[in-house]
Amino acid sequence: MRILRHYEDVPTELRGAVAAIGNFDGVHRGHRQVLSMAAEMARRQEAPLAVLTFEPHPREFFAPKAPPFRLTPFRAKAHLLGQLDLDLLMALHFDVALSRKTADEFVDQVLIEGLAVRHVIVGYDFAFGHKRSGNTDLLRARAASGGFEVTVIDPVGGDGLAYSSTRIRDCLWQGRPREAADQLGHWWEIEGRVQQGDQRGRRLGFPTANFSVDGYLEPAFGVYAVRVGAEEDGGMIWRDGVANLGRRPTFGKTDAVLEVHLLDFAGDLYGRHLRVAFVDFIRPERKFDGLEALKTQIAADSERARVLLAEPGNRADAFDG
């Protein structure tokens, strides 16, 4: 998979692609309908398969001081999209110039001149161009004269509601990661490099791997049953764990940190890049009167995590296939 940030000078072998276009935050089940159709069309037409998305997310660009909202910052999104055997991931740099392009300019300059697209696949609510002035009707009209085809995917959902990144964010903010996963079609994850902590967990008998949550939506603060993935011997190995996400009020901290204790594991994780999959919510974060009370609660949380992770619906491969 090639990753490009600009639409100028696209390699010849990647022009004429079938392209799925969207922000794809979370790469949820609705997005996967768009992506699956693009993959099918690319195979049928023997064309390159491309995804065109935007970095930073336009919402981040227009409101840089707003609280983080993204389900999948770029690295996590690229990991999920890379599972689709893409030929090209075009993550267009979203800046002032791109934001000011009219819908017609976007079609002319990006889709036709830049990519020479053969077929474009978008969701029913796709909007583009300056002030979101372009929609699927305009895209279809321009396709007729621009030498490419357009397929628009209808809403996809469960329980009578369309899958959406907004609904998934609400689930996570409310401490319902299992419901978020049902809509995503995969466990929601935070990934990053293990940071040096204050080693209080080690002194309590529960050593933790600490992660920054910068760039990610902050779900409900509290304790979660999680699985931790690490690349080992060319494959991803998942281990059960219990995690606290929050500001650590017992110690008077104010910055949000994800602290993960791996169950039945002994080893040095500092500096390693890991993935943390949120499986189930155990309890809200709270302040304890002392270290012994905290230690007792961590032990209880760890046992609860074991029970939750052993449930059939929470198995690691629950969404495979």
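The values are calculated or read from the model by the stated rules, or taken from the named source; none is laboratory data. Owing to the predicted nature of the structure, the values given are computational and were not obtained by experimental measurement. Because the Cβ atoms are built from the backbone with ideal geometry, glycine has one as well, and the counts that use them run over all protein chains shown.
Brief remarks on what is shown
- Test result for residue 116, among the small types (Gly, Ala, Ser), in contact with a Ser or Thr (Cβ under 7 Å, 6 or more places away or on another chain), touching a residue at least 60 places away in the same chain (Cβ under 8 Å) and outside the structural domain of residue 218 (by TED's automatic domain parsing): no
- Scanning the stretch 266-295 for residues being part of a loop (DSSP other than H, G, I, E, B) and farther than 28 Å from residue 179 by Cβ gives a total of 10.
- Qualifying residue in the stretch 8-19 (condition: buried (at least 23 other Cβ atoms within 10 Å of the Cβ) and under 18 Å from the mean Cα position of the chain (by Cα)): no
- The single residue among 255, 289, 280, 301 that is buried (at least 16 other Cβ atoms within 10 Å of the Cβ), more than 29 Å from residue 83 (Cβ to Cβ) and of a type in the set (D, E, K, R) turns out to be 301.
- Some residue of the stretch 105-126 being within 16 Å of the chain's Cα centre (by Cα), surrounded by fewer than 21 Cβ atoms within 10 Å (Cβ to Cβ) and at pLDDT below 95: no
Rundown of residues vs (1) of a type in the set (D, E, K, R); (2) at positive phi; (3) surrounded by 16 or more Cβ atoms within 10 Å (Cβ to Cβ), yes/no style:
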{"residue": "128", "(1), (2), (3)": "no, no, yes"}
{"residue": "147", "(1), (2), (3)": "no, yes, no"}
{"residue": "168", "(1), (2), (3)": "no, no, yes"}
{"residue": "177", "(1), (2), (3)": "no, no, yes"}
{"residue": "187", "(1), (2), (3)": "no, no, yes"}
{"residue": "196", "(1), (2), (3)": "no, no, no"}
{"residue": "216", "(1), (2), (3)": "no, no, yes"}
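- Which numbered condition residue 298 fails, given (1) at pLDDT 85 or above; (2) of a type in the set (A, V, I, L, M); (3) assigned to a loop (DSSP other than H, G, I, E, B); (4) closer than 16 Å to residue 210 by Cβ: (3)
- Screening residue 64 on (1) in contact with a Gly (Cβ under 8 Å, 6 or more places away or on another chain); (2) loosely packed, with under 14 Cβ neighbours inside 10 Å; (3) free of Cβ contacts under 8 Å to residues at least 40 places away in the same chain shows it passes everything except condition (1).
- Within the stretch 76-98, the set of residues being crowded, with 20+ Cβ neighbours inside 10 Å and in contact with a Pro (Cβ under 7 Å, 6 or more places away or on another chain) comprises 88 only.
- Residue list for the stretch 220-237, filter: assigned to a strand (DSSP E or B) and surrounded by 15 or more Cβ atoms within 10 Å (Cβ to Cβ): 222, 223, 224, 225, 226, 227, 228, 229, 230
- On inspection, residue 73 does not qualify as surrounded by fewer than 19 Cβ atoms within 10 Å (Cβ to Cβ) and either charged (D, E, K, R) or under 27 Å from residue 277 (Cα atoms) (or both).
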